[in-house]
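Reviewing the structure listed below.
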Amino acid sequence: MLDGKKNYELRLADWECNEGDTLLLKEWDPETKSYTGREVSKKIKYVARFKINDLFWPREDIERYGLQVISLE
C-alpha cells in the first residue's frame with residue numbers, strides 16, 4: 001500500500017465509508033499486538049458492499065474455493 005502497488009483494501013463492513021472519504025490505514029503488528037507507527041492516508045474512490053448470500057455463486061462454491069479481490073490497471 002505504501003509503495004502504491006496495492007490499491008485495494010478488503011474489510012469487514014462493520015463501519016460506514018463512502019466514495020470521496022479519506023481512509024487512514026495504520027500498520028498493525030500481530031506479534032506485539034500494537035501499531036508499528038507506519039500509516040498511510042488514502043482517498044476512497046470506489047466502495048462495493050455485498051453479503052455472502054447475495055453473491056453470484058453458490059455458497060458451497062465460495063466455501064470450497066474462496067473469493068479473490070482483483071485489482072486492475
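Read the figures in this text as sums done on the coordinates, not as results from a lab. Everything numeric here is computed off the predicted structure, so don't read it as measured data. A quick note on method: Cβ atoms are made from the backbone with ideal geometry, for glycine too, and the neighbour counts reach across all protein chains shown.
So here's what we get for this one:
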{"read-out": "The one condition in (1) outside any loop (DSSP other than H, G, I, E, B); (2) under 14 Å from the mean Cα position of the chain (by Cα) that Arg49 fails to fulfil", "value": "(1)"}
{"read-out": "Matching residues in segment 40-62 - criterion: being under 14 Å from Glu9 (Cα atoms) and not aromatic (Phe, Trp, Tyr)", "value": "Val40, Ser41, Lys42, Lys43, Ile44, Lys45, Val47, Ala48, Arg49"}
{"read-out": "Pair list, Cβ under 6 Å, 6 or more apart: segment 4-28 residue under 22 Å from Lys51 (Cβ atoms), other residue part of a strand (DSSP E or B)", "value": "Leu23/Lys42"}
{"read-out": "Which numbered condition Glu39 fails, given (1) in contact with a strand residue (DSSP E or B) (Cβ under 8 Å, 6 or more places away or on another chain); (2) not in a strand (DSSP E or B)", "value": "(2)"}
{"read-out": "Scan of segment 25-73 for residues that are surrounded by 10 or more Cβ atoms within 10 Å (Cβ to Cβ), among the basic types (Lys, Arg) and over 17 Å from Gly4 (Cβ atoms), ordered by number", "value": "Lys26, Arg59"}
{"read-out": "Long-range neighbours under 9 Å by Cβ, at least six apart or interchain, first residue without any contact (Cβ under 8 Å) to a residue 40 or more places away in the chain within segment 29-41, second surrounded by 10 or more Cβ atoms within 10 Å (Cβ to Cβ) and outside any strand (DSSP E or B)", "value": "Arg38/Leu2; Val40/Met1; Val40/Leu2"}
{"read-out": "Given (1) without any contact (Cβ under 8 Å) to a residue 24 or more places away in the chain; (2) assigned to a loop (DSSP other than H, G, I, E, B), number of the condition Val69 does not satisfy", "value": "(1)"}
